[in-house]
Amino acid sequence: MLSTRHLGTSKAPWVVLSFCDADALRSTVTQQLPRLSVVSIPGKLCRTKSSLFRAFAEALRFPDYFGKNWDALEECITDLSWLEASGYLLIVSDAEMLLEKVDSDYKTFVSIMNDAGKSWAERSSRPTPFHVVLTTSSALSDRRQRQLQPIETALTAT
């Protein structure tokens, strides 16, 4: 079982599934790790690729040049210089709704977030925590469970 304190490190896993309340997780992490930039993104606003790009751009205050495509998402998510913080945590609530119709988009999203975590961790000047927690209060479909393997990890607020 992974502790929320892990979110303050630059170590893998960078994408985590948690069956918990997103608001409670945000509150716990904000108290434990006050120097992290904690950003909440509702999964219900990310059901399609275009709506995901809009939600992420708004929540993370992407620059105007954000191109609203996978490459642009990866570029912005590995920069975030406009959000000065010692690390970054994205909490996506209602993960069962995230890119719910197109499996390949979901897989691409998870891959980009993992690559971003690795990129932030491998910075020679300063390894920086970057994690994405997909929260859900309901069971994910078998299909989604398989897509998350091997990154599915239980997360506890300790």
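Determine, from the Cβ-Cβ distance of residue 23 and residue 124 and an R0 of 41 Å, the FRET efficiency 1/(1 + (r/R0)^6), rounded to the nearest 0.05.
Working from the Cβ atoms, E equals 0.70.
Please report the orientation-averaged projected area of the chain, defined via the convex hull of its C-alpha atoms, in nm².
8.4
Multiplying the sequence separation of residue 40 and residue 78 by 0.36 nm and subtracting their Cα-Cα distance, what value in nm do you get?
Working it through step by step, the gained length comes to 11.9 nm.
Ranked by Cβ crowding within 10 angstrom, fewest neighbours first, how are 46, 20 ordered?
In order of increasing Cβ crowding within 10 Å: 20, 46.
Can you list the HN-Hα couplings for the stretch 38-54, worked out from phi with the Karplus curve (6.51, -1.76, 1.60; θ = phi - 60°), rounded to whole Hz and with x for Gly and Pro?
Along the stretch 38-54, the couplings run 9, 10, 9, 10, x, x, 5, 8, 10, 6, 10, 4, 5, 6, 5, 4, 4 Hz.
Determine the dipole magnitude for the stretch 2-156: charges of +1 sit on the beta-carbon of Lys and Arg, -1 on that of Asp and Glu, nothing else is charged, the reference point is the Cα centre, and the result goes in debye to the nearest 20.
Taking the Cα centre of the stretch 2-156 as origin, the dipole is about 180 debye.
For a quick check: sort 5, 47, 126 by the number of other beta carbons within 10 angstrom, fewest at the front.
Lowest to highest Cβ neighbour count: 126, 5, 47.
Would you be so kind as to identify which of 9, 124, 69 lies farthest towards the positive end of the dipole of the chain, taking Lys and Arg as +1 and Asp and Glu as -1 on Cβ and the Cα centre as origin?
9
How many Lys pairs in the stretch 2-156 lie less than 27 angstrom apart by Cα atoms, where the lysines are 8 or more positions apart or on different chains?
Close lysine pairs under the 27 Å cut-off: 14.
No value in this document is a laboratory result; all are computed from the given coordinates. This one's a predicted model, so the numbers in the text were calculated from it and none came from an experiment. Glycine also receives a Cβ, built like all others from the backbone with ideal geometry; neighbour counts cover every protein chain displayed.
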